[in-house]
1. Could you tell me which of the residues Asp58, Asp26, Asp48, Asp31 is open to solvent by 40 Å² or more (accessible area, probe 1.4 Å) and closer than 19 Å to Leu177 by Cβ?
2. Select from the range 112-123 the residues that are closer than 24 Å to Val39 by Cβ and modelled with pLDDT under 80 and list them in ascending order.
3. Pairs, please: C-beta under 6 Å, at least 6 apart or cross-chain, first residue of a type in the set (S, T, N, Q) and in the range 9-31, second assigned to a loop (DSSP other than H, G, I, E, B)?
4. All but one of (1) within 24 Å of Glu164 (Cβ to Cβ); (2) modelled with pLDDT of 90 or more hold for Val62, so report the exception by its number.
5. If we keep just the residues of the range 129-187 that are open to solvent by 90 Å² or more (accessible area, probe 1.4 Å) and β-branched (Val, Ile, Thr), which is modelled with the lowest pLDDT?
6. Looking at (1) at pLDDT 90 or above; (2) crowded, with 18+ Cβ neighbours inside 10 Å; (3) over 17 Å from Ile11 (Cα atoms); (4) not hydroxyl-bearing (Ser, Thr, Tyr), can you tell me which one Leu126 breaks?
Amino acid sequence: MEPGINAKAEIGDAKIARGSVAVVPDVSMPDAAEANHLVALVSQALKDAGFRVKSSPDEADVIVIPSLAYSTPTVDAAEMTRFSREGFQPATVGNQSGMTYSTFSFSSLDEVRTPAPSMAPQKCGLRITAVTKKDWFDTDKTRNVERVWRVIAVTSTNGRSQDEIVIALVQAATTKLRAIQAVAKGDAPPPAVSQ
């Protein structure tokens with residue numbers, strides 16, 4: 001049986017979300033090849049969802065940064081038992097083209113956690129964050145960057161291959177990307193995206 005995927009989306013300014021997008025790799029991911037592969041998958045998902053995808057950040061209104069994070073069974077079990085939102089991995093600060101952001105951490109997810117037996121399954125999470133081009137290229141590294149929109153999808157790994165997990169997460173995210181696009185076009189109210 002395929003493990004479930006918890007997915008959520010949030011949108012800031014729908015007017016800005018209507019703009020064209022360019023997908024760039026998350027330089028904080030440890031594997032550059034995996035980050036670049038994720039860019040290709042998310043670019044296609046955005047096209048499938050009806051976004052106008054550009055090949056360069058210079059040509060786009062909105063910059064999209066996809067990222068993957070993995071938990072470990074030991075930390076998973078500890079967090080599930082304590083109902084804590086602390087540390088699947090430490091939130092570190094990275095810098096991409098002058099943008100300050102926190103790297104993806106499971107502690108940032110709003111999913112409901114339930115007590116687990118002594119060992120919880122490892123999880124994989126996909127976060128797709130969109131920021132304005134202005135924020136992306138801004139050199140002021142001290143200010144917080146507001147998101148245009150964000151999608152988060154999480155699933156347990158349950159012995160599946162990494163490729164299977166990532167494809168399943170991107171497919172779940174595509175549904176949320178379509179919802180964001182509907183809100184941006186005025187075809188749906190914002191609350192429909194975050195449910």
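The values are calculated or read from the model by the stated rules, or taken from the named source; none is laboratory data. Model, not experiment: these values are computed from the prediction. Positions of Cβ are generated from backbone atoms using ideal geometry, with glycine treated the same way; all protein chains shown enter the neighbour counts. Areas reflect the complete protein model, heavy atoms only, side chains present, ligands, DNA and RNA absent. Shrake-Rupley method; radii C 1.70, N 1.55, O 1.52, S 1.80 Å.
1. Numbers: Asp58 fails: closer than 19 Å to Leu177 by Cβ; Asp26 fails: open to solvent by 40 Å² or more (accessible area, probe 1.4 Å); Asp31 fails: closer than 19 Å to Leu177 by Cβ.
Going through Asp58, Asp26, Asp48, Asp31 in turn, just one is open to solvent by 40 Å² or more (accessible area, probe 1.4 Å) and closer than 19 Å to Leu177 by Cβ: Asp48.
2. The answer is none; no residue qualifies.
3. The qualifying pairs are Ser20/Arg52; Ser20/Lys54; Ser20/Ala60; Ser20/Asp61; Ser28/Thr103.
4. The single condition Val62 does not satisfy is (1).
5. That would be Thr142.
6. Unmet for Leu126, out of (1) at pLDDT 90 or above; (2) crowded, with 18+ Cβ neighbours inside 10 Å; (3) over 17 Å from Ile11 (Cα atoms); (4) not hydroxyl-bearing (Ser, Thr, Tyr): (3).
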